[in-house]
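Here is the structure we will look at, set down as C-alpha cells.
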Amino acid sequence: MRVAVAVSGRGSNLQALLDSLDPEASVVLVLSNRADAGALERARSRGIPTAVLNDPASAGEWLVPLEQAGANLLVLAGYLKLVPAEVVGKYRGRIINIHPALLPDFGGPGMYGGRVHQAVLASGATESGATVHLVDEAYDRGPILGQARVPVLPGDSVETLAHRVLEVEHRLLPAAVRAAARAGRPVPFSLSNS
Ligand code: GRF
C-alpha cells in the first residue's frame, strides 16, 4: 500500500504511522495546508516527499502530487480542512480520517482539536475515544471503520482527556492502515486483531 498522509499540525499521528507500518505499507507523500506544520519536518527527516497546498480547495494541488507518488490510500491525520470534492470522487473509498472522539457524536464542522474534548466534557459522557472512518464530502460523516474507547475520568481537563485519546489514536490509525494494506483498500477493523 502506498500511503499519502495529509496533515495540518504537529504530526504525532504521522509519526505513529512512520514508526509502525513498514513493511505492509509505506508513506510515499505528506501533504500539508500549512508550510510550517511540524509534520512536514518529520517527513523531510525521513526523505519522504512533501507538498504544501497553497490553495487546499484546489483539486489539482492534491491530484498532481498524489498521482506522481502513486498513492493508493490517502490518510487524513490531523488535517483540518475539507478535502476537495473532486479528490474525494477520484479516491472514493480510499480516503480515511482519524477523529478524536466516538463518532457520530462530537463531530462535524468546527469540531476539531480542543473543542471536541471540551464538548465531550460538557456533555457529561463517561467515555470518549477515537474513530477512523471513510471520508466523503462532509466533515466526519463517512462510514465508521474502527473505534477505540477511553474513559472520561473525574477531574479531566481538555488536556488530560486529549492526551488519553491521542495515545489510542496512535494505535488505532496504524491498525486501520495495516488492515487496509492487507485487504487492498480501507475495511472495517478492530484493534484486537491488528
Ligand atoms: C489528532 O487528535 C487528530 O485526531 C485530530 O487532530 C489531532 C492531530 O494530532 N484530527 P497530530 O498532528 O497527529 O499530532
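Values in this text are rule-based calculations from the coordinates and carry no lab data. Just so you know, these numbers come straight off a predicted model, no measurement behind them. For neighbour counting, all protein chains shown are included, and Cβ atoms are generated from backbone atoms with ideal geometry for every residue, glycine included.
When you scan the stretch 150-166, do you find a residue that is within 12 Å of the ligand (Cβ to nearest atom), within 25 Å of Glu67 (Cβ to Cβ), without any contact (Cβ under 8 Å) to a residue 40 or more places away in the chain and of a type outside the set (Gly, Ala, Ser), even just one? No, the stretch 150-166 contains no residue that is within 12 Å of the ligand (Cβ to nearest atom), within 25 Å of Glu67 (Cβ to Cβ), without any contact (Cβ under 8 Å) to a residue 40 or more places away in the chain and of a type outside the set (Gly, Ala, Ser).
Surrounded by 15 or more Cβ atoms within 10 Å (Cβ to Cβ) and either in a helix (DSSP H, G or I) or more than 15 Å from the chain's Cα centre (by Cα) (or both), is that true of Arg149? No: the conditions fail for Arg149. If I filter the stretch 57-72 for residues that are in contact with a helix residue (DSSP H, G or I) (Cβ under 6 Å, 6 or more places away or on another chain) and within 15 Å of the ligand (Cβ to nearest atom), do I get at least one hit? Checked against the condition, which is being in contact with a helix residue (DSSP H, G or I) (Cβ under 6 Å, 6 or more places away or on another chain) and within 15 Å of the ligand (Cβ to nearest atom), the stretch 57-72 yields no hits at all. Does any residue of the stretch 4-20 turn out to be closer than 27 Å to His163 by Cβ, more than 15 Å from the ligand (Cβ to nearest atom) and surrounded by fewer than 21 Cβ atoms within 10 Å (Cβ to Cβ)? No, there is no match, as no residue in the stretch 4-20 is closer than 27 Å to His163 by Cβ, more than 15 Å from the ligand (Cβ to nearest atom) and surrounded by fewer than 21 Cβ atoms within 10 Å (Cβ to Cβ). When each of Val120, Val88, Val75 is tested for being touching a Ser or Thr at 6+ places or on another chain (Cβ under 6 Å) and either surrounded by 18 or more Cβ atoms within 10 Å (Cβ to Cβ) or part of a loop (DSSP other than H, G, I, E, B) (or both), the lone residue that passes is Val120. Is it the case, given these coordinates, that Ala101 is crowded, with 20+ Cβ neighbours inside 10 Å, within 13 Å of the chain's Cα centre (by Cα) and in a loop (DSSP other than H, G, I, E, B)? Considered against the rule, which asks whether it is crowded, with 20+ Cβ neighbours inside 10 Å, within 13 Å of the chain's Cα centre (by Cα) and in a loop (DSSP other than H, G, I, E, B), Ala101 comes out as yes. Starting from residues that are part of a strand (DSSP E or B) and surrounded by fewer than 17 Cβ atoms within 10 Å (Cβ to Cβ), keep the ones in the stretch 21-56 and report whichever is nearest to the ligand (Cβ to nearest atom). Within the stretch 21-56, the match that is nearest to the ligand (Cβ to nearest atom) is Val52.
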